[in-house]
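Peer 1: Okay, here's the structure, questions in a sec.
The values are calculated or read from the model by the stated rules, or taken from the named source; none is laboratory data. Because the structure is a prediction, the values reported are computed rather than measured. So basically every Cβ, Gly included, is an ideal-geometry build from the backbone, and we count neighbours across all protein chains shown.
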Amino acid sequence: MEFDLNEDQKVFRDTTRKLLKKECPAERVRRLMETDTAQDAQLWHLMAEQGWLGLTLPEDFGGLGQGLVELAVIAEEMGRVCLPGGFLSAIFAGALVAEAGNSRQKAAYLEKMASGDLKGTVALLEAEADWNPSAVRLAVERNGEDFVVSGKKLFVPDAQTADVIFCVVRDGESLALLPVAKDAAGVKVTAMPALDATRKLYQVEFENVAIPQAEALGADGNPERALRRAIEVATVTLCAEMVGGMQWVLETAVEYAKTRHQFGKPIGSFQAVQHQCADMLLLTESSRSATLFAAWALTVDDPKAAAAVSIAKAYCSDAFREVCHRGVQVHGGIGFTWEYDLQLYVKRSKASEILFGDATFHREQVAQLVLGER
Amino acid sequence: MDLNLTPAEQQFRDEFRSWLAANLPAPEERPKGTRTELGNVTFLKNWQKTLYAGGWAGISWPKEYGGRGATLVEQAIFQEELAHANAPELIGTIGLSLVGPTIIAMGTEAQKQRYLAPILSGEEIWCQGFSEPNAGSDLASLATKAVRDGDDFVISGQKTWTSFAQMADWCLLLVRTDQEAAKHKGITCLLVDMHLPGIQVRPLRMMSGDSAFNEVFFTEVRVPAAQVLGKVNQGWTTAITALMNERANLGSGLQVIFRRNLDALIERSKTVQRNGKPVCEDPLVRQKLAQAQIELEILGLNTMRALTSLAKTGIPGPEGSISKLFWSEMNQKTQQAAQEILGAYGQLSEFDNGIWAYGYLRSRGNTIEAGTSEIQRNIIAERVLGLPKSY
Ligand SMILES: Cc1cc2nc3c(=O)[nH]c(=O)nc-3n(C[C@H](O)[C@H](O)[C@H](O)COP(=O)(O)OP(=O)(O)OC[C@H]3O[C@@H](n4cnc5c(N)ncnc54)[C@H](O)[C@@H]3O)c2cc1C
């Protein structure tokens, strides 16, 4: 066993870090935050060019066929710079097509997704904001060859910039995964402004939107299982991003503790400050262990994968928030300002905590697994 | 010990209750919850004026300066009743909780006559010019200087994190008046008119997006020497009195806001649904609501006890740090609990007018402002528990 990135992965990490540091400095993050969509065409193009958008998609469909550890490696670097925009949505939508689509559908979507020409997102949550697929209530009707959907989805990330919104609906006992063109008649996207302006959320309303039944993903398989798997992939990606955020906050706080002086010495010489920093390291490294394990377990289809994902997200949800809080505390007043970049991470940590289920949600999943209920 | 109110206290409470019942602004007159700290200034100034006119401002301040001349316990009952009635919070917390008590303790008769009543009526808002870029926790190393020139002091330097400076009429300012003396011995406290030439206020944005604090620049600002509060070069004593009052009083005043917030959360938990039920039926949510209620109750009890002891000793002691630590960490925990209870909705800017997202972010400043938690713990360890000094 070797629980470390291999040489290739380390090189990949370092080049990704360098590139993102140059291409996505905090000024750019702030500029994008102020826009309606936080999406930047040039950054998107860069990600496509680097192969990041299709990193884990099958090679037959324009992807690079890499595993989730590689995805975690770049996601961590993205989290470190607080990269705005729809990468995570792209991963979620790509995984959903890869898991649920038939070969015709994969051919139709994946290549364009990998090249950045088609942006996707997944509309899952409803009024109760429950991440469990079985909680989906929005019912679809059958009309001849079509599925017809009317109703609304909430908290859909990046819906404004998406070309296709994969809408999860209830079809009796089963779920149906409907690709809906964002510009289709009857689709209305409204912003849901929230605390983290780097990843925009939307309400998506559907009014008598008809989708040919043959277009639904996974109709001939098990759409719910495919959806769960796609959620796991996206959740691990998010965890890795959160680890990157923690790493930035940790490094920034430690650096500050070394240079800021009060009472004639660096504040880092006070044990109260040292202990905050030590705790931040503990939280960050533990998050990293949990995330890398989950990424590996999902890649190799380890039986512990589902539990590993929930363990990672439960832990990271609390850890990222805690790391940010401690980071602010170590900085004192300056850490509480808009001008100082820590605030970007405080907000990102709160939004990430909620996205794909908070710690309470994932602890419940772990409980069900250890109790043999699932 | 007798926790029953004395007949006099009971009468005080009943009187205030009926006054509140008659004078509380109707719900439709009240601004909605706000995403900024300074959003309701006009409304709150008017509310303060109403309280003052009714004789309900400065409960424990001397009568001759516009106060009610009542006891500290009655002051606490007053705060509790405000919270209980979901009254608007008091504006001018700096004036009410730290400047006023410090002037009462250390001011000249002329200063008391001039400054106290307008604090109580809400006519004059104060700010606290203590912190500087290089003097935060180590406040005594402050560098803004004041040089004596005839009957004036001439002030030059910079303050930072000065809350409410943009709307303040006056500033309780700490300056260095003796460059040679040891750092605690060359400080003087001045009462400075914020409208004087040479003062420039530059708002700083907090992470919550609004600007409740500011940088304040002083360029050769002339202030008459009569504006010294306490004694020249003994400003550290004045500063400590102000800080002790701040720590002791702030939490008690904030209870009004905390109560309103928790009540709103409790109501919300009955409408937000999860698993087909209101979240208030979820045992985990109930635990969180109960914990928030428990801590808020204890904050009130701690405050009462501290005030009883203060009524005997007259000067707030280092125990005030207990109150400061308690309310700041309590509010952070409660705001986080609110986020967990509201789930995905808590982060939204338009859900309940954004008060949950705002409250969560704003609470992160609580363990920094009015002295960081680390400093409060140092004070408790060294000055209350008598542990050896570590720095
Ligand atoms: C919202 C807000 C409003 C404020 N309003 C005002 C105001 O109206 N007027 C005013 O004068 N100031 C105000 N302040 C400033 C506040 O008092 C200072 O921010 C605070 O005292 C900390 O100082 P600092 O920011 O310089 O941090 P630093 O003193 O640089 O502290 C940085 C970190 O080091 C730690 N540290 C420092 N020394 C020690 C030690 N000896 N032992 C252990 N840990 C230590 C601190 O706890 C903190 O974690 C406000 C601050 C905020 C956030």
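Peer 1: Which condition does A:Val204 not pass, out of (1) touching a residue at least 60 places away in the same chain (Cβ under 8 Å); (2) under 22 Å from the mean Cα position of the chain (by Cα); (3) not in a strand (DSSP E or B), if it passes all the others?
Peer 2: Unmet for A:Val204, out of (1) touching a residue at least 60 places away in the same chain (Cβ under 8 Å); (2) under 22 Å from the mean Cα position of the chain (by Cα); (3) not in a strand (DSSP E or B): (3).
Peer 1: While we're looking at this one, here's another question. For the stretch B:253-265, state whether one or more residues are over 16 Å from the mean Cα position of the chain (by Cα), modelled with pLDDT of 95 or more and part of a loop (DSSP other than H, G, I, E, B).
Peer 2: No: zero hits.
Peer 1: Which of the residues spanning the stretch B:155-207 are among the polar types (S, T, N, Q) and more than 13 Å from the ligand (Cβ to nearest atom)?
Peer 2: Within the stretch B:155-207, the subset among the polar types (S, T, N, Q) is B:156, B:158, B:160, B:162-163, B:166, B:177, B:179, B:188, B:200.
Matches in the stretch B:155-207: B:Ser156, B:Thr177, B:Gln179, B:Thr188, B:Gln200.
Peer 1: Go through the stretch A:322-352 and give me each residue that's more than 8 Å from chain B (Cβ to nearest Cβ), surrounded by 24 or more Cβ atoms within 10 Å (Cβ to Cβ), closer than 23 Å to B:Gly343 by Cβ and not hydrophobic (A, V, I, L, M, F, W, C).
Peer 2: Across the stretch A:322-352, the qualifying residues are A:Tyr345, A:Arg348, A:Ser349, A:Ser352.
Peer 1: Quick one: would you say A:Thr198 is β-branched (Val, Ile, Thr) and not in a loop (DSSP other than H, G, I, E, B)?
Peer 2: When the stated conditions are applied, A:Thr198 does not pass them.
Peer 1: Taking B:Phe218 and the conditions (1) closer than 15 Å to B:Ala135 by Cβ; (2) more than 14 Å from chain A (Cβ to nearest Cβ); (3) without any contact (Cβ under 8 Å) to a residue 60 or more places away in the chain, which numbered condition does it fall short on, given that it satisfies the others?
Peer 2: Of (1) closer than 15 Å to B:Ala135 by Cβ; (2) more than 14 Å from chain A (Cβ to nearest Cβ); (3) without any contact (Cβ under 8 Å) to a residue 60 or more places away in the chain, only one is false for B:Phe218: (3).
Peer 1: Tell me, which residue of the stretch A:115-160 that is in contact with an Asp or Glu (Cβ under 9 Å, 6 or more places away or on another chain) and among the β-branched types (Val, Ile, Thr) is farthest from the other protein chains (Cβ to nearest Cβ)?
Peer 2: A:Val148
Peer 1: While we're here: Quick test of your reading of the structure: A:Thr284 fulfils all but one of (1) within 14 Å of chain B (Cβ to nearest Cβ); (2) out of contact with any Cys (no Cβ under 8 Å at 6 or more places or on another chain); (3) of a type outside the set (A, V, I, L, M). Name the failing condition by number.
Peer 2: So A:Thr284 meets the others, but not (1).
Peer 1: Could you go through the stretch A:295-310 and let me know if any residue there is of a type in the set (Gly, Ala, Ser) and within 14 Å of chain B (Cβ to nearest Cβ).
Peer 2: Residues of the stretch A:295-310 of a type in the set (Gly, Ala, Ser): A:295, A:297, A:305-308, A:310.
From what's left, within 14 Å of chain B (Cβ to nearest Cβ): none.
No: the stretch A:295-310 contains no residue that is of a type in the set (Gly, Ala, Ser) and within 14 Å of chain B (Cβ to nearest Cβ).
Peer 1: From the list B:Ser328, B:Ser373, B:Ser363, B:Ser349, pick out the single residue that is under 17 Å from the mean Cα position of the chain (by Cα), within 12 Å of chain A (Cβ to nearest Cβ) and surrounded by fewer than 20 Cβ atoms within 10 Å (Cβ to Cβ). Quick ask: steps written out before the conclusion?
Peer 2: Numbers: B:Ser328 fails: surrounded by fewer than 20 Cβ atoms within 10 Å (Cβ to Cβ); B:Ser363 fails: surrounded by fewer than 20 Cβ atoms within 10 Å (Cβ to Cβ); B:Ser349 fails: under 17 Å from the mean Cα position of the chain (by Cα).
None of the others qualify; the one that does is B:Ser373.
Peer 1: Looking at the stretch A:290-372, what helices (runs of 4 or more DSSP H) fall wholly within it and have at least 2 residues that are within 16 Å of the ligand (Cβ to nearest atom)? Before you say what the answer is, go through the steps one by one.
Peer 2: On the way: elements: A:305-331, A:342-354, A:359-370.
Hits in the stretch A:290-372: A:305-331, A:342-354.
Peer 1: Sticking with this one: Among the listed residues B:Ala83, B:Ala57, identify the single one that is outside the structural domain of B:Gly314 (by TED's automatic domain parsing) and either under 25 Å from B:Gln128 (Cα atoms) or modelled with pLDDT of 95 or more (or both). Before the answer, list the steps.
Peer 2: Values: B:Ala83 fails: either under 25 Å from B:Gln128 (Cα atoms) or modelled with pLDDT of 95 or more (or both).
Among B:Ala83, B:Ala57, only B:Ala57 is outside the structural domain of B:Gly314 (by TED's automatic domain parsing) and either under 25 Å from B:Gln128 (Cα atoms) or modelled with pLDDT of 95 or more (or both).
Peer 1: Pick out, from the stretch B:296-391, the helices (runs of 4 or more DSSP H) lying fully within it that include 1 or more residues that are away from the ligand (no atom under 16 Å from the Cβ), under 30 Å from A:Thr190 (Cα atoms) and not basic (Lys, Arg). Please lay out each step first, then the result.
Peer 2: Numbers: elements: B:320-342, B:355-363, B:373-379.
Fully inside the stretch B:296-391 and qualifying: B:320-342, B:355-363.
Peer 1: Let me ask another. Out of the stretch A:252-275, which residues are of a type in the set (Asp, Glu) and either within 8 Å of the ligand (Cβ to nearest atom) or surrounded by 15 or more Cβ atoms within 10 Å (Cβ to Cβ) (or both)?
Peer 2: The first filter runs over the stretch A:252-275 and keeps only residues of a type in the set (Asp, Glu), leaving A:255.
Those that are of a type in the set (Asp, Glu) and either within 8 Å of the ligand (Cβ to nearest atom) or surrounded by 15 or more Cβ atoms within 10 Å (Cβ to Cβ) (or both): none in the stretch A:252-275.
Peer 1: To continue, here is another question. Just checking, which of A:Ala98, A:Ala127, A:Ala108 is part of a helix (DSSP H, G or I) and free of Cβ contacts under 8 Å to residues at least 40 places away in the same chain?
Peer 2: Going through A:Ala98, A:Ala127, A:Ala108 in turn, the sole match is A:Ala108.
Peer 1: Which one is nearest to B:Ala370 (Cα to Cα), of the residues in the stretch B:243-275 that are within 14 Å of chain A (Cβ to nearest Cβ) and without any contact (Cβ under 8 Å) to a residue 12 or more places away in the chain?
Peer 2: If we take residues in the stretch B:243-275 being within 14 Å of chain A (Cβ to nearest Cβ) and without any contact (Cβ under 8 Å) to a residue 12 or more places away in the chain, then B:Thr271 is nearest to B:Ala370 (Cα to Cα).
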